[in-house]
Structure formats: C-alpha cells, structure tokens
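To keep things clear, I will list the structure first and then write my remarks on it.
Taken together, the values in this text are just the output of simple stated rules run on the coordinates, not laboratory data. Because the structure is a prediction, the values reported are computed rather than measured. No Cβ is skipped: glycine too gets one built from the backbone with ideal geometry, and neighbour counts run over all protein chains shown.
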Amino acid sequence: MATRIGGRSTGTFLCVIALSTPLWIPNAFAQPRAELLHWWTSPGEAAAAEILSKHVRRSGVQYVDSPVLGGGGSSAMKTLRARVKARNAPTAVQITGLEVAEWGERDALNDIDALARAERWSEVVPKPFQRYMKFQGRWVGVAPNVHSTNWVWANTDVLAKVGITQPPRTWREFVGAARKAQSAGFVGLAYGGQTWQSTLIFDSALLGAGGPDFYRKLFIEGRRPGNAHAVLEQAYARMSELRDVIDDQSANRPWNLATAMVINGRAAFQIMGDWARPEFTVSGKQVGRDFWCFRVPGTEDSVTFNLDTFAMFKVEGAEKVQGQQIFAKTVMSPAFQTEFNVAKGSVPTRSDIAGSAFEECGRRAVQDIAKASKRQTLLGSMALGHALGTEQKDALSDVIHRHFSGFLSDKDAATESLRAIAR
Ligand code: GAL
C-alpha cells in the first residue's frame, strides 16, 4: 500500500489557512488528522484524489492519503479488514453500496448524525442516495459522487475506419459494429478479465434483456419473477456475444488499461462506468472528436448508479475525531463537490449543484439521472454492491465471471445464478 502523508511545515500551513478560511483555527491542541483509504490509483482517478487532498488540507486537516491498487476495491477491502482487526482503522474508507451498512452491523462506524443535521444534508441529498451513507437511519458516511455504469466508450477513429459514423442505437447494431472492428484487426470490446468487470457488463446485459422492472424485482426487491430463468439466459446470451469480440490477453487486465486500448485506437469499445471519462481527458482526448460516450444500447431509459461512500470508522483521539468531522463537512461542501466531480467523471450527490461546469458526458449524466429518477428507473448497480447483499452479489459475480470466462453455458449460468441469489 502506498501512503502519502499530507502534512506541511508549520510556515506553509499557517500561510495556507490564512488564505483559505479554515474550519480549524490553530491553538494549543494538536492539529486535526484524517486518513482516507481508497482505490483511486489510475491516472484519472489519482488526479481527482489530488483535488480531495487539496480541499481537505486547506480546511486545516493533516491528511493522509492511502490508496490501495486495484479498481473496484477488492484489495482495498482486504486492507480494511486487516486494519480493523489490528485496531488501526482509517478515519474514512471508500466503500461502495450496501457494504457500508454491513460495517455498521459490525459496530465499526462512527455516527455523524449531529453534523448531518447541522449541515442539512437530508434536504440536499436525494433520498435514494442517502441509503448508502446511513446505518439504521443515522448518517455514518458521506459520498462526494454518483457514478453510473451503463456507459459505452468508443474510439471514433477506429469506428470511422470500418464505416461507422454514429453511435450504435440497438444491441444488434452494437454487437455488429464490434464484430466489424474485430474483422478489421481491432479489438471489438476492450475488457479486463476481473470478476467485478464482467459483473459490471452483466448489469447492462440483464437490464437490456429484462428491462428496468425486471432488474428492480430481481436485484433490488429480492423477488423472483416467473420469467427469471428465461431472461437470465437471454442476458447470458448477450454476454456470450460480447465474449466473442474481446481479445485473448484480457486476463486480469486492470480496467484503465482496457480504457487505454480504446484511447490508443487498439479497440473500438469498452463498457465501463463513467470513471473512464477522465482517462480520456488526461490523455488529451475530446468527446465527439476522439471518443463517444453513449448508454449501453437497450438501457437508455435507465441509469445503473453507484456512489463512492466514505464511511466514517470509529477512531480514537480528539484530533482524529475532529479531523473526521472536518473531512466529512469538506466532502459534502458544494465547492469541493463541483471541482471534484468534473475531474472524476461523476455527478455530485448534492442536488443543488448546477451541471453547467461539466463536459458533455457529465452533463448527459446529470440529465439522465434526473430523468431516471422521475421515471423510477434509477437503479443501484448490482456489480458495485448497490443491490443484493454482499454474499449474494459475490456468489452471483462468481457465476457471471465463470460464464464470461467460457466455463458455463448460458443455460447453466442462468440456473446457477438463481441458486446464488436465493441464498
Ligand atoms: C468503483 C468506484 C469508482 C472507480 C472504479 C474503478 O468501484 O466507484 O469511483 O474508482 O471503482 O476503480
């Protein structure tokens, strides 16, 4: 684990706080301290994490930035378990979805409800998002951003070379375009062979095959619609079509290296959350000219979302408790959320921030989320832990990954999936 210490010399520190109206005024007590354990290590993610460090340090906190390599966070979660066991929990930890509440059940989280009330977060954060920052109705975390996962990223140049000048509008057209690119010597779909990446693609395959009502019933309400097996089999059939257009070097490839294949013109498409967009930006690519972002065909009316919650862990010592409060307040501030989300490719969790600062894909995400919220098609991403419990999600992800790796038929995968989520 790489650890960056955010302390400054006293001289610099005093100068910074004088300029930026800190939340903490230096006095006889120790300087407030905060540490965030997270997994933002790709070039685009690291640039966004740097904005967070800047805002937290400016608020007068001695900040330790603790990134753990590995997109999707499974290595970071291993580090977290070890640290909690060693009674050395970080002040805050990036956790996605319902796993936040699971740490609440283990009595590992700090209640920050008084701060939330003072700051009126309940009034500015939409209800569907609050669920991922609370445990038993009380705030135990803050989230700066909402990502959505049903996006396709496309290289316009590669597609122009095979005669495609518009984003595909249907699943058929999409698969057809990927096959065309593959026949011309490109990789049809850039993919990294890790369980969370195949599962992320499956979210969209299922949504496309079954529609939002089916997705909601199966993944969010925990019901089993009568046609569940048939729809799951169709979703797996879509996955099989995609398996035919990936390359044979994909095993264990990090997601951002798959994005780089689209950026560098090796591949036509990638299905990935909108954290992929900053990878294009840091490489100097422009939306419309060099790349397209569009919703996975067949899922346009819905948004599968995930929040990055920073869960507040129980820490000892006044300077850490104080640091945690200042950290939380900073993350929920409009100034931070605006600057951070433009860099991260996501949308603020506060609904009182205008979308005008965002580039095209970001603006579309703001509109799509607002529309989906009205239509009730704003759905938590199963892949990123916002639907199903962690155990069920892990069991289902294992089936999805074995199928996408070619070890299960569409039919057997459907049968095993129903077993995995029935636990
Ligand atoms: C997700 C997270 C995103 C992004 C992605 C890849 O779980 O929500 O912010 O970091 O992993 O690392």
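Projected label points at S351 and S283, each 7 Å from Cα along the beta carbon direction, are separated by 3.7 nanometres. As I understand it, the dipole of the chain uses +1 on the Cβ of Lys and Arg and -1 on the Cβ of Asp and Glu, about the Cα centre. Which of F313, V162, A267 lies farthest toward its positive end? Selected residue: F313.
Over its Cα atoms, what ratio of radius of gyration to 2.2 N^0.38 Å does the chain give? Numbers along the way, then the final one.
Numbers: Rg = 21.5 Å, N = 423, 2.2 N^0.38 = 21.9 Å.
Normalised Cα radius of gyration, the chain: 0.98.
Between the Cα long axis of helix 360-375 and the first principal axis of the chain there is an angle of about 80°, rounded to the nearest 10.
Normalised by 2.2 N^0.38 Å, where N is the number of residues, the C-alpha radius of gyration of the range 351-423 stands at 1.54.
One chain, two ends: T415 and A318. Fully extended at 0.36 nm per residue, the span grows by 29.6 nm beyond their Cα-Cα distance.
Debye sum, Cα scatterers, the range 332-390, no solvent: what log₁₀ I/I(0) at q = 0.29 1/Å? The Debye formula, applied to the Cα set alone, gives -1.15.
Residues of the range 190-218 falling in the label zone of Q249, defined by backbone nitrogen less than 18 Å from a point 7 Å along Cα to beta-carbon, are 190-194.
Dividing the helix sum by the residues of the chain, where each DSSP H run of 4 or more adds -39500 (n - 2.57), gives a mean residue ellipticity at 222 nm of -14500 deg cm²/dmol.
What residue among S405, S74, A30 has its Cα farthest toward the positive end of the dipole of the chain, where the charges are +1 on Lys, Arg and -1 on Asp, Glu, each on the Cβ? Positive-most Cα among the choices belongs to A30. The charge dipole of the range 253-328, taken about the Cα centre with unit charges on the Cβ atoms of Lys, Arg (+1) and Asp, Glu (-1), comes to about 280 debye, rounded to the nearest 20.
To one decimal place, what Kirkwood hydrodynamic radius in Å is obtained for the range 136-208 from all pairs of distinct Cα atoms?
Details: mean 1/r = 0.0677 Å⁻¹.
Result for the range 136-208 stands at 14.8 Å.
The residue among T281, A365, S333 whose Cα reaches farthest toward the positive pole of the charge dipole of the chain, with charges on the beta-carbon of Lys, Arg, Asp and Glu, is S333. Any chance you could check the Cα centroid distance between the range 352-367 and the range 143-203 for me, in angstrom? Taking the Cα centre of the range 143-203 as reference, the centre of the range 352-367 is 22 Å away. In µm²/s, what is D for the range 52-112 at 20 °C and 1.002 mPa s, where D = kT/(6 pi eta Rh) by Stokes-Einstein and Rh is the Kirkwood radius from Cα pairs? Roughly 164 µm²/s, to the nearest whole number.
Straight distance only, please: which aspartates and glutamates reach the Cα of K127 with their own Cα at less than 19 Å, same-chain residues fewer than 8 apart left out? Straight-distance partners of K127: E99, D111, D113, E119, E221, D308, D352, D368. Here the range 240-293 is treated as a sphere whose radius is the Kirkwood value from Cα pairs; by Stokes-Einstein at 25 °C and 0.890 mPa s it diffuses with a coefficient of 207 µm²/s.
Between K78 and T170, the contour length at 0.36 nm per residue exceeds the Cα-Cα span by 29.2 nm.
Kirkwood Rh over Cα pairs of the range 242-348 into Stokes-Einstein at 10 °C, 1.306 mPa s: D in µm²/s? Display every interim value, and only then the final one.
Values: Rh = 16.9 Å.
Estimated diffusion coefficient is 94 µm²/s.
Return the ratio Rg/(2.2 N^0.38 Å) for the range 281-337, where Rg is computed over Cα atoms only.
That ratio works out to 1.86.
Placing a label point 7 Å from the Cα of D107 along the Cα-to-Cβ direction, the residues of the range 304-326 whose backbone N falls under 17 Å of that point are 313-316. Near V296, the amide H atoms lying under 5 Å from its own belong to W151, V152; only residues 5 or more places off or on other chains count, and H is placed 1.01 Å from N.
Helix 195-215 and the longest principal axis of the C-alpha atoms of the chain enclose an angle of approximately 70°.
If you take the square roots of the eigenvalues of the alpha-carbon gyration tensor of the range 300-423 and sort them as a ≥ b ≥ c, do you get rounded (a/c under 1.5), prolate (a/b over b/c) or oblate? Before the final figure, lay out the partial values.
On the way: a/c = 2.86, a/b = 1.46, b/c = 1.95.
Oblate.
So which trypsin sites (Lys or Arg not before Pro) in the range 143-178 pass both tests, a DSSP loop state and at most 16 other Cβ atoms within 10 Å of the Cβ?
Working: sites: K161, R169, R172; in loops: R169.
The qualifying sites are R169.
Computed over the chain with a Gaussian network model linking Cα atoms closer than 10 Å, the most mobile of R87, R138, R179 is R87. Using R0 = 22 Å, the C-beta based FRET efficiency linking A370 and N264 works out to 0.05.
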